[in-house]
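One structure below.
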Ligand SMILES: Cc1cc2nc3c(=O)[nH]c(=O)nc-3n(C[C@H](O)[C@H](O)[C@H](O)COP(=O)(O)OP(=O)(O)OC[C@H]3O[C@@H](n4cnc5c(N)ncnc54)[C@H](O)[C@@H]3O)c2cc1C
């Protein structure tokens, strides 16, 4: 990075986004409601409609398509708050990943109707990318798109598709003769099988594309570059979400350490607990730093290639560690279903695998650094 | 004009009127002090411009880019990094006039006489005494681990002036002339073989009362200002990406023959950790205002100390059998400044990072109690007069 110096201080807008989101999520989507949505047999749509009314479904969608027109540093603040509240629903899938893919495609205007629908909440889009357990790299895509008249025929099976049970539209990655690209495929032409998830606040599913014919316009046209950029930006936003997840788990642990008495003293007065909390805060601040940095460099491809995996490399393990230590500091109560500690622990773990595990990001960061 | 513009303008003028490549360092530092660019957050006339500390990184970056020598901050760190902050908050105007400029130009080196054989982490338990005698104070006692005492002109010292008061209350802070009678400095050699630090003995050493800092009995408060500044001086310096210890590790990794996926993963982990810590420092500096840094400075100190130990140890591992050597051997030397270290010495020196300036355990206590508001340990010394506190 040369030239301009970045500021990591929140803008006035970002302060407002944070306080509005914090208030709404605390009052309207407390953990009781999260649990209800999470345990329901069918994916919830009413919450997504509410969030769409707040402008969150189209947070990144430009105003000309009816969205809120915010940038990534703003969306990261919202993602952090949604993480703090382990809010269910397709924010990451539709409002971040699919939106980013469409905006970065050859010609977003061609998908104006889709973007408008996503912004008003009437359409949920999900990205269907992965096929193999450890197949995070676009190289691993075997699904094919073959030319058929003016259009394409898509064949393949996508797995662990985030928010698949919610989706009205899939952006599926498929291999053509001239490389990998994304294709917009309506959900009523595919077979979706919901699969139970570790983090039950987020739904997933298998999606089978059995020779699905789509018109020429279905091809996004951004190629592999757009896919990689989308996944990098996704990793940056996930890192912000992880900061929110970790900070909520940390706050719960801190509160417990202050109020739980054993041996006649607050357990937070024992150094074994106090020092762990000090380390948790220190590492949390480092995770916050890399997440803030990554979402500020999305327009600089060279820097993003370092900053996005860096954010994942730091924020993922920090969130896994803090949410785990939070259970430990709570003792037995932290292991109960009733307590919220497990919601954070599960969210952190799943989120740290969604777009690449630690080794994948580490290695990509090394490649970008020439190491 | 905004503060940022004032700072920029002062830098422009300094660099134009005193081109670093044509100006001797001491002269440049004098001009830098006069321009208010030594500590921008100090008042005008005391080496500052009265603006927020957050402008400091700009000064450092622009001066470095302009080719200026900024090594005085490191070489006179106890003065420039800590003493100056103490004088700006607790000193009197004539004290600032007397001491700040020659400190910044390196004409006078400073040291910090806090630790004693019986009082380290528990600094407030110290026993060096200062007894009033008219316009003077008479010092007696022993200090230890005193970095640069052998080259210092001035020492920041905290001494007990009331042994009957509770231990934090009976302390007073002074500046002592290291050339005064009754000051004896003996080298203490470190695990590197070098003697950066010393033990210092005071026998009936006289200190004029006008070298007292702040009130009699206010020594603990002044000491806290010193330590907060110290932690920021240690952990709060903004550095370019990939510089410092990690750069040495990367160089060692790039040596022929080091091609191993396990080592690569480890290197990248450490690179990521140091980049994250670096960004956190930048963020902390962005919010820094005028005055003394808060307890948050302890997180930067803690991260940096622990990471530096890991990185330097890993660098030795990358050197393979080369890491069993020790170029130059252990010649017992007494450096006159803060030396630069080769990777083997850096590895050994790093062990001090989590001890000097407050141990990592004490940093965690501070973060836990002062930042997070957790209750302290039960204490046996709190309400006793200092005389009656049990000690080893
Ligand atoms: C290279 C170097 C340079 C130094 N330079 C200076 C200098 O210029 N001026 C100066 O005044 N001092 C200096 N020091 C001294 C330094 O500040 C002290 O060494 C430090 O504060 C620790 O004190 P101690 O050595 O007495 O260890 P102790 O306080 O005896 O600590 C021993 C161990 O006990 C632990 N411990 C102590 N109390 C607690 C507690 N409450 N909770 C948990 N663990 C605890 C410590 O963390 C440590 O691990 C320097 C030290 C080093 C290594």
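A short reminder: the numbers here are calculations on the coordinates, not readings from a lab. Values in this document were obtained by computation on a predicted structure and should not be read as measured data. FYI the Cβ positions are ideal-geometry reconstructions off the backbone, even for glycines, and counts take in every protein chain you see.
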### Task
Give me a count of the residues in region A:257-271 that are under 19 Å from residue B:299 (Cβ atoms) and either in contact (Cβ under 8 Å) with a residue 60 or more places away in the chain or more than 8 Å from chain B (Cβ to nearest Cβ) (or both).
1
### Query
Can you name the residue in region B:259-293 that is assigned to a loop (DSSP other than H, G, I, E, B) and surrounded by fewer than 15 Cβ atoms within 10 Å (Cβ to Cβ) and is also nearest to the other protein chains (Cβ to nearest Cβ) among such residues?
B:287
### Query
If you scan region A:338-371, which residues turn out to be within 18 Å of residue A:253 (Cβ to Cβ) and over 16 Å from the mean Cα position of the chain (by Cα)?
A:338, A:339, A:340, A:341, A:342
### Check on residue B:121, within 14 Å of chain A (Cβ to nearest Cβ), over 26 Å from residue B:33 (Cβ atoms) and within 11 Å of the ligand (Cβ to nearest atom)
yes
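Kindly indicate which of B:147, B:237, B:205 is closer than 28 Å to residue B:92 by Cα and outside any loop (DSSP other than H, G, I, E, B).
None of the other options fit; the residue is B:205.
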#### Entry: Output for region B:353-373, where each listed residue is surrounded by 19 or more Cβ atoms within 10 Å (Cβ to Cβ) and within 13 Å of the ligand (Cβ to nearest atom)
B:353, B:354, B:357, B:358, B:360, B:362, B:363, B:364, B:365, B:366, B:367, B:368
### Message
Which numbered condition in (1) within 16 Å of the ligand (Cβ to nearest atom); (2) out of contact with any helix residue (DSSP H, G or I) (no Cβ under 7 Å at 6 or more places or on another chain) is the only one that residue B:229 fails?
### Response
(2)
### Query
Looking at (1) more than 20 Å from the chain's Cα centre (by Cα); (2) closer than 26 Å to residue B:263 by Cα; (3) within 16 Å of the ligand (Cβ to nearest atom), which is the one condition that is false for residue B:333?
(2)
### Task
Being within 13 Å of the ligand (Cβ to nearest atom), more than 13 Å from chain A (Cβ to nearest Cβ) and either more than 18 Å from residue B:228 (Cβ to Cβ) or in contact (Cβ under 8 Å) with a residue 24 or more places away in the chain (or both) narrows it down to one of B:349, B:379, B:387, so name that one.
B:349
#### Entry: One residue from A:231, A:227, A:310 being within 14 Å of chain B (Cβ to nearest Cβ) and either under 17 Å from the mean Cα position of the chain (by Cα) or under 18 Å from residue A:101 (Cα atoms) (or both)
A:310
### Summary
Counting only strands (runs of 3 or more DSSP E) entirely within region A:121-202, those with at least 1 residues that are touching a helix residue (DSSP H, G or I) at 6+ places or on another chain (Cβ under 7 Å) are A:125-128, A:151-162, A:169-176, A:179-186, A:191-195
### Task
Determine whether region A:255-271 contains at least one residue that is within 16 Å of the ligand (Cβ to nearest atom) and either part of a loop (DSSP other than H, G, I, E, B) or closer than 19 Å to residue A:145 by Cβ (or both).
yes
### Task
State which residue is nearest to residue B:159 (Cα to Cα) when the search covers only region B:223-249 and only residues that are within 13 Å of chain A (Cβ to nearest Cβ) and surrounded by fewer than 18 Cβ atoms within 10 Å (Cβ to Cβ).
B:238
### Task
Can you tell me which residue among B:368, B:357, B:323 is away from chain A (no Cβ under 14 Å) and farther than 30 Å from residue B:161 by Cα?
B:323
### Query
Hey, among the residues in region B:150-180 that are within 13 Å of the ligand (Cβ to nearest atom) and assigned to a loop (DSSP other than H, G, I, E, B), which one's farthest from residue B:99 (Cα to Cα)?
B:150
